[in-house]
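Peer 1: Dropping a structure here in structure tokens format, bear with me for questions.
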Amino acid sequence: MFERLVAVVRSRWFRMVLVSLSVLSLQTTLFSEVRPFGYAVQILAIFVACAGATHDVYTGAVAGFVSGFMYDAILATPLGISALVLGVVGAGAAVMLQPFRDPTWWLRLLVIGVAAALGEVVTPLVKAVVGLDGWLEWRILGAMFVTFGAACLFAAPMISLARWTLREKVIYGSR
Amino acid sequence: MAQNKTNLRRAIVLLALASVFFITLDLSDSSSTSQIRRVFGTVFSPIENVTRVVTRPLSGAWNAFREYDDVVAENNRLQEQVALQEGAAVAAAASVRLSQELLALNGLPTLAGINSVTAQVIGETPTNFSQTVEINQGSNTGVKVGMPVLNAAGLIGKVTEVFADRSLVMLISDPDYALSVKVVTMSSRTPITLPALETQDAPTVDSVLDTKDTTTTSSSTTTTTTILGFTPSATTVPAEVVAGAKSNITVPLASQLAVRETGILEGRGRGMRPVVRFLDASTRASAIEVGAPIVSSGGSRSLAPPDVVIGVVSRVVERLGTAGPILEIDLVADLSNLSFLRVLLYQPITESGR
């Protein structure tokens with residue numbers, strides 16, 4: 001029982017939850033106040049895009065779902081919207097990099113920026129689908145550009161963080 | 001390889017379905033989603049507080065870098081404005097007090113009779129797609145979902161999520177926010193002159209009661225106002241006294257009463273002025289003047305008590321056909337600069353039980 005608990009605590013998904021909580025706290029404190037051109041930088045979306053860009057579609061989608069679910073729990077929007085959106089962002093980043101066997105650093109950075117910015121389009125779309133319309137406006141473009149710019153700026157540390165968070169322990173000699 | 005793809009597809013579909021399930025659950029006001037939020041809020045709150053303390057110097061530096069010039073300019077402007085307003089504030093405070101006393105005397109609801117909790121804004125919305133702020137008061141101090149929130153200027157929104165020691169407030173500019181309001185219009189901006197009163201003929205209480213025949217008297221008071229939309233005494237000065245055999249009825253002149261139009265105020269997102277829709281189709285746009293005050297209409301199903309100041313009409317958009325005009329509103333509260341707020345401990349019937 002205790003060993004199983006230790007295994008859970010040492011798993012990459014547990015680490016993922018803890019790191020997402022920290023990034024989420026940055027999102028709700030620092031990045032809700034630091035608003036370039038009046039737009040909030042979506043650091044959580046950038047982190048999820050990094051998780052997708054450095055791993056596979058499944059990892060990106062699950063990381064996005066978990067982070068998004070936590071984001072929903074502190075927002076006044078219906079539970080599940082951000083989970084869906086960030087799931088799409090994580091999976092989208094991984095899918096965009098799939099055709100490239102060994103992507104260059106700038107290509108990875110570009111994909112992370114595009115995937116995170118995509119989240120700013122998908123969010124009002126999903127909200128509109130569930131009946132919370134009024135957000136599909138031209139200012140989405142501004143939010144996309146700011147998120148893209150921020151992704152270019154923060155991608156390097158976030159990639160390292162995502163790699164460390166989601167690394168799998170390889171046990172040599174085991175079957 | 002094929003097996004991996006099938007597993008991946010299965011996982012993606014499962015995640016999408018889980019999201020849809022939670023959205024459906026939440027939109028149907030399930031208590032389980034509130035429970036999830038409450039538990040998560042309790043776990044997340046200490047982490048957020050620690051991060052807020054750690055990142056405060058960074059956000060402070062950002063604000064100093066970005067807003068220093070604006071703050072200096074605003075400070076100069078405000079000092080000038082304060083000097084101008086000091087005298088007016090004393091007179092206004094006296095008027096408000098008098099008005100509240102009169103309302104209380106007549107058994108009408110006033111804001112003074114509603115308890116409130118003072119709260120401080122501790123966070124803004126972290127997304128670009130909602131207009132909320134976080135305040136440092138929660139269920140521990142009696143805050144409940146649906147309670148209206150004001151700042152010193154006027155209404156700013158309503159409480160949408162409540163945790164033990166903090167709450168989320170949806171701002172009036174959020175597209176999901178709607179509130180029934182009334183537009184207080186007036187017949188003209190010019191000084192209002194009520195009909196002449198011949199003081200020697202003015203009836204005393206006894207003479208009115210003793211009158212057997214119907215008598216008509218008129219009163220003369222010159223009331224001058226520069227406050228658009230308000231006609232002091234217009235509803236209290238008796239203009240026509242009808243004395244019958246059994247009862248005396250006072251009928252105010254309808255033409256001199258302020259016109260009140262009701263409609264629904266809706267937010268339109270950050271940087272956009274809220275609008276008032278669903279005004280009576282028969283309302284002519286010319287009957288509503290730019291600058292006319294907008295206050296909450298109140299009523300049993302309203303989200304706010306009556307006569308909470310919201311803003312003034314900044315533009316009247318007339319529409320063809322049977323559609324009534326749309327009014328664009330300049331809010332009196334500056335939503336971009338909120339610090340101390342007042343939560344009225346008034347829970348609308350529509351939100352009770354939440």
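The values are calculated or read from the model by the stated rules, or taken from the named source; none is laboratory data. What you see is a predicted model; the values in this text were computed from it and never measured. As a convention, Cβ positions derive from the backbone with ideal geometry for all residues, glycine included, and neighbour counts pool all protein chains shown.
Peer 1: When region A:69-128 is examined, which residues are found to be assigned to a helix (DSSP H, G or I), aromatic (F, W, Y) and away from chain B (no Cβ under 11 Å)?
Peer 2: A:W105, A:W106 - these are the residues of region A:69-128 that are assigned to a helix (DSSP H, G or I), aromatic (F, W, Y) and away from chain B (no Cβ under 11 Å).
Peer 1: Of the residues that sit in region A:1-50 and are away from chain B (no Cβ under 14 Å) and of a type in the set (A, V, I, L, M), which one is farthest from the chain's Cα centre (by Cα)?
Peer 2: A:M1
Peer 1: Would it be correct to say that A:T147 is facing another protein chain (nearest Cβ under 8 Å) and in contact with a helix residue (DSSP H, G or I) (Cβ under 8 Å, 6 or more places away or on another chain)?
Peer 2: For A:T147, the condition - facing another protein chain (nearest Cβ under 8 Å) and in contact with a helix residue (DSSP H, G or I) (Cβ under 8 Å, 6 or more places away or on another chain) - is not met.
Peer 1: Got at least one residue in region B:126-139 being assigned to a strand (DSSP E or B) and modelled with pLDDT under 85?
Peer 2: no
Peer 1: Restricting to region B:1-55, count the residues that are among the basic types (K, R), within 28 Å of B:A164 (Cβ to Cβ) and more than 8 Å from chain A (Cβ to nearest Cβ).
Peer 2: Number satisfying all stated conditions: 1.
Peer 1: Which of (1) surrounded by 16 or more Cβ atoms within 10 Å (Cβ to Cβ); (2) touching a Pro at 6+ places or on another chain (Cβ under 9 Å); (3) free of Cβ contacts under 8 Å to residues at least 40 places away in the same chain is the odd one out, the single condition A:M144 does not satisfy?
Peer 2: (2)
Peer 1: Residues B:I36, B:I23: which one is more than 23 Å from B:I122 (Cβ to Cβ) and surrounded by 16 or more Cβ atoms within 10 Å (Cβ to Cβ)?
Peer 2: Answer to the check: B:I23.
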